[in-house]
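Asker: The structure is given below, and queries will be raised subsequently.
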Amino acid sequence: MFSIDEELKKLPKEPGIYIMRDKEDLILYVGKAINLKNRVRSYFRESTVKTPKIKKMVSLVDHFEYMVTDSELEALVLENNLIKEHKPKYNTLLKDDKTYPFIKVTVQEEYPRILFSRIMKKDRAKYFGPFAGAKGVKETIELISKLYQIRTCNKQITQEDCSSQRACLNYHMKQCLGPCIGSVSKEEYQKRVDQALLFLSGNHSKVIADLTNKMNHASDNMEFETAIYYRDLIENINSLDQSQKITTKDMEDKDIIAMAQEGDAAVVQVFFVRSGKLIGREHFHMTNIQEETTADILRNFIIQFYAGTPFLPKQILVQVPPTEMELIEDWLKEKRGSKVKIITPKIGDKEKLVELALKNAAMVLKQDRERIEREETKTMKAVNELVELLQLQGANRIEAYDISNISGFENVGSMVVFEKGKTHRSDYRKFKIKTVSGPDDYACMREVLSRRFRHGIREKEQQMEGLLATSFTKFPDLILMDGGKGQVNIAKAVLEELGMNIPVCGMVKDDHHNTRGLYYENEEIEISKSQEAFKLVTRIQDEAHRFAIEYHRLLRRKNNVKSVLEEIPGIGLVRRKALMREFDTIDHLRAATIERLCEIPEMNQRSARSVLEFFKESTEPSEPL
């Protein structure tokens, strides 16, 4: 048995990483230390001042583990890798994890290409970027193809086999010089590549002047279509320049990072400046930031962000120095292969750029807050309408249940949770039915509800004795059943046996399997489709059904269950998927007309008739597809 006190005595006074785990062996927190013994012991020392967040984390720790490293820098890298892999609950996390696109020019090839790339390799190619979005990269590549006719294909071209090649569509559209068919000399092609490289480096004025002359010449000769073509190219270049309108006096590559924080929400804004021009910007949301300082959040952001980007600039401008700045600079230097400086500018253009990034971060934060407020207003309106409709005291927490099975095989149940009208996925639960064989939805639902509430009652009793409890101890204000009178009565019977009093309401569907109304207190209540309450009930019903079907299909795949659709002649994989998308159960498919089947794009008259003829002979009971 793990004894925290005993294990603390064994900790070495060396650098490394430590991992805090709970009794379920889930990772709560990953940290690094220059001295593991001092750092880890501080969590469990009563004299150490701890924030409420750390106190809560420590109260959940059941055991910990650690790994010794050669240096603090190595520990920093390992810490970041583990955080990205496991996303521990109590670590500050970078929510957006994405790679950024580059323009790649394969200058190492005999006939270079211009390509879209998300990876920056050490392959002697030239890379430009990163850009904030793929759209801008693709538009720039298309523009360069029109200007310089550089190839974008994957052909391996040598002068020896040019005569045997065949020109592609780009050549005929005058967006490629056609080196594959020998229509251009190697020298002339390289000249175009050099011009494209100059253009990508930001030198657009010469290109615009040249195109303007060509446009005027074509116009003078009344070649208006040609003049319009050159005019459109000039507009495209001006548009590209406009998107890069912020410039700096020096021509160095740099990233500008600033963070805005409000309560438990934080947004980090990054400006990408390359060769003195702003080529893009992006914002990121940080989670688990309670009681973290700006310096701590920036430290976590920089480590997590640059661990996933192939390009590192020479300078990173920030609003305040991040925690462990010198260590981070050493790590960045090792990653880049040359020095990377983190700067906090106080005056001048660089300070103005950081201030601009900060304003943008604050603006995004404000917009997010307003959007969330709008959504909360809408969802709370739906909850209030539902409460008024059913004449309840409140419905802050709603639980909904559904059953899924295939001819009684692998009966499963689902429980989804909505709090204040929004999904609360961490409280969702799946139930593999243990006591029911055969397609008996009522018996399955009885087992699911009995297990759920008995578990909750048992944990509440343990909670009173000071033991930890899960979300099962949180009971709902309203239970929604996927069905009508029968399902509602089952739920009421279970609650009565357990001495519990929770309102139960059925979600009734029409013949087309769409939400029709509610069954409550022995009567069906119609809801107008325009009401927010109707939209909320539909959302809950669909979510409960989706969650049950998803779990059931997972078990079917795991147990290699053969779908009944595989037995229908003329129904291959594509049509099986289409039928499974359109129909939830065999009964719904069996009841379909030939006209309804032919409405599905993947089906035709012959395959539709094959389905109908199969089910004329089949007497299989209802099952999900």
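The values are calculated or read from the model by the stated rules, or taken from the named source; none is laboratory data. Here the structure is a predicted model, which means the values were calculated and not measured. Note that we place each Cβ from the backbone using ideal geometry, even for glycine, and neighbour counts take in every protein chain shown.
Asker: Going through region 586-617 one residue at a time, which ones are among the β-branched types (Val, Ile, Thr) and either over 29 Å from Ile403 (Cβ atoms) or surrounded by 18 or more Cβ atoms within 10 Å (Cβ to Cβ) (or both)?
Answerer: Scanning region 586-617 gives Ile586, Ile594, Val611.
Asker: Could you look through region 573-609, keep only residues that are part of a loop (DSSP other than H, G, I, E, B) and small (Gly, Ala, Ser), and pick out the one that is modelled with the highest pLDDT?
Answerer: Ala592
Asker: Please find, within region 318-357, the residue that is surrounded by the fewest Cβ atoms within 10 Å (Cβ to Cβ) out of those that are more than 24 Å from Lys121 (Cβ to Cβ) and among the small types (Gly, Ala, Ser).
Answerer: Within region 318-357, the match that is surrounded by the fewest Cβ atoms within 10 Å (Cβ to Cβ) is Gly348.
Asker: Going through region 1-46 one residue at a time, which ones are of a type in the set (A, V, I, L, M) and over 24 Å from Thr323 (Cα atoms)?
Answerer: Met1, Ile4, Leu8, Leu11, Leu26
Residue-wise test of (1) farther than 30 Å from Ser450 by Cα; (2) aromatic (Phe, Trp, Tyr).
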position: Lys366; (1), (2): yes, no
position: Glu370; (1), (2): yes, no
position: Gln393; (1), (2): no, no
position: Asn396; (1), (2): no, no
position: Tyr401; (1), (2): no, yes
position: Ser414; (1), (2): no, no
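Asker: Further question: Check every one of the helices (runs of 4 or more DSSP H) wholly within region 1-93 and list those with 1 or more residues that are touching a residue at least 40 places away in the same chain (Cβ under 8 Å) and closer than 22 Å to Arg299 by Cβ.
Answerer: Output list reads 52-60, 72-86.
Asker: Can you name every residue in region 311-323 that is touching a strand residue (DSSP E or B) at 6+ places or on another chain (Cβ under 8 Å) and not hydrophobic (A, V, I, L, M, F, W, C)?
Answerer: Within region 311-323, Pro313, Lys314, Gln315, Gln319, Pro321, Pro322 qualify.
Asker: Just to be sure before I move on: is Arg21 under 28 Å from the mean Cα position of the chain (by Cα) and either buried (at least 17 other Cβ atoms within 10 Å of the Cβ) or farther than 23 Å from Leu93 by Cβ (or both) in the structure I sent?
Answerer: In short, yes.
Asker: Answer with yes or no whether Val58 is modelled with pLDDT of 90 or more, in the same structural domain as Glu24 (by TED's automatic domain parsing) and either of a type outside the set (A, V, I, L, M, F, W, C) or surrounded by fewer than 19 Cβ atoms within 10 Å (Cβ to Cβ) (or both).
Answerer: yes
Asker: If a residue must be under 16 Å from Leu233 (Cα atoms) and within 37 Å of the chain's Cα centre (by Cα), how many such residues does region 191-201 contain?
Answerer: Number of matching residues: 3.
Asker: Next question, about the same structure. Would you pick out the residues in region 516-557 that are of a type in the set (Ser, Thr, Tyr) and either over 32 Å from the mean Cα position of the chain (by Cα) or within 26 Å of Lys432 (Cα to Cα) (or both)?
Answerer: Result: Tyr519, Tyr520, Ser528, Thr538, Tyr551.
Asker: While we're on this one: Ile119 versus (1) within 25 Å of Ala295 (Cα to Cα); (2) under 22 Å from the mean Cα position of the chain (by Cα); (3) β-branched (Val, Ile, Thr): which is the lone unmet condition?
Answerer: If we test Ile119 against (1) within 25 Å of Ala295 (Cα to Cα); (2) under 22 Å from the mean Cα position of the chain (by Cα); (3) β-branched (Val, Ile, Thr), just (1) comes out false.
Results for (1) of a type in the set (Asp, Glu); (2) at pLDDT below 85; (3) in a helix (DSSP H, G or I), shown as yes or no for each residue.
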{"site": "Glu187", "(1), (2), (3)": "yes, no, yes"}
{"site": "Asp194", "(1), (2), (3)": "yes, no, yes"}
{"site": "Leu198", "(1), (2), (3)": "no, yes, yes"}
{"site": "Ile208", "(1), (2), (3)": "no, yes, yes"}
{"site": "Leu211", "(1), (2), (3)": "no, yes, yes"}
{"site": "His217", "(1), (2), (3)": "no, no, yes"}
{"site": "Thr226", "(1), (2), (3)": "no, yes, yes"}
{"site": "Arg231", "(1), (2), (3)": "no, no, yes"}
{"site": "Ile234", "(1), (2), (3)": "no, yes, yes"}
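Asker: Would you confirm, using the coordinates I've provided, whether Phe301 is touching a strand residue (DSSP E or B) at 6+ places or on another chain (Cβ under 8 Å), part of a helix (DSSP H, G or I) and in contact (Cβ under 8 Å) with a residue 24 or more places away in the chain?
Answerer: Yes, satisfied.
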